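Participant: Got a structure for you, questions after.
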Amino acid sequence: MNCAFLLGVAGLLIVAQNHCFSQCKEKISPANHQTVHYHTIPLSGKKEYLTLSRTGEERVLSYHNEQISLVYHVLMFTEMRFSSSKGNFSLYSTTSDRSNWQPVFILSSPLTPKDLEKMKGTLKIEILLPEDTKVFTFTPAKNELLNEAIACMR
């Protein structure tokens, strides 16, 4: 009886540990061979999403869109507006990428620990592109995913 109980407890601990670590994904960067911790938050289906990533002390927020028709680099400092319960703020992309051989349009912005704290409680994100404005509202479930991603960035 005691062995069965201990095996059950050990099994629950292993499952709980895997669940805790499964939210933070890892990969090795082919460019610098460092470990990248990342988390993806879907915005609109599987083709539009945010990625928060951390390599060492560097943290980056990336907006990905596989359906956008822009084939050129957008202007530097494209605004990403956040409406949050902790106040409104903006991040500005420092890079954009889209080419014929790259099917995903990507905007990236560096993040500070202060930005991550402000992102908690996000209600809405607006991506202000030259030809379009993308608006995404956050449900409590989506906000929970964002908070999990923020926890991975520490």
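Participant: On the given criteria, is residue 66 at pLDDT below 90, in contact with a strand residue (DSSP E or B) (Cβ under 7 Å, 6 or more places away or on another chain) and either within 19 Å of residue 113 (Cα to Cα) or surrounded by 10 or more Cβ atoms within 10 Å (Cβ to Cβ) (or both)?
Facilitator: Taking the combined requirement at face value, the residue satisfies it.
Participant: Moving on to the next point. Quick check on segment 119-131. Is at least one of its residues closer than 25 Å to residue 34 by Cβ and modelled with pLDDT of 90 or more?
Facilitator: Applying the first criterion (closer than 25 Å to residue 34 by Cβ) to segment 119-131 yields 119.
Remaining after also requiring modelled with pLDDT of 90 or more: 119.
Scanning segment 119-131 turns up at least one residue that is closer than 25 Å to residue 34 by Cβ and modelled with pLDDT of 90 or more.
Participant: Starting from segment 116-131, take each residue that is within 24 Å of residue 154 (Cβ to Cβ) and list its partners that are surrounded by fewer than 18 Cβ atoms within 10 Å (Cβ to Cβ) and small (Gly, Ala, Ser), counting only C-beta distances under 6 angstrom and pairs at least six apart or across chains.
Facilitator: Between residues of segment 116-131 that are within 24 Å of residue 154 (Cβ to Cβ) and residues that are surrounded by fewer than 18 Cβ atoms within 10 Å (Cβ to Cβ) and small (Gly, Ala, Ser), the close pairs are 121/85; 123/83.
The values are calculated or read from the model by the stated rules, or taken from the named source; none is laboratory data. Remember, it's a predicted structure, so these values are computed and weren't measured experimentally. When we count neighbours, we look across all protein chains shown, and the Cβ atoms used for this are built from the backbone with ideal geometry, even at glycine.
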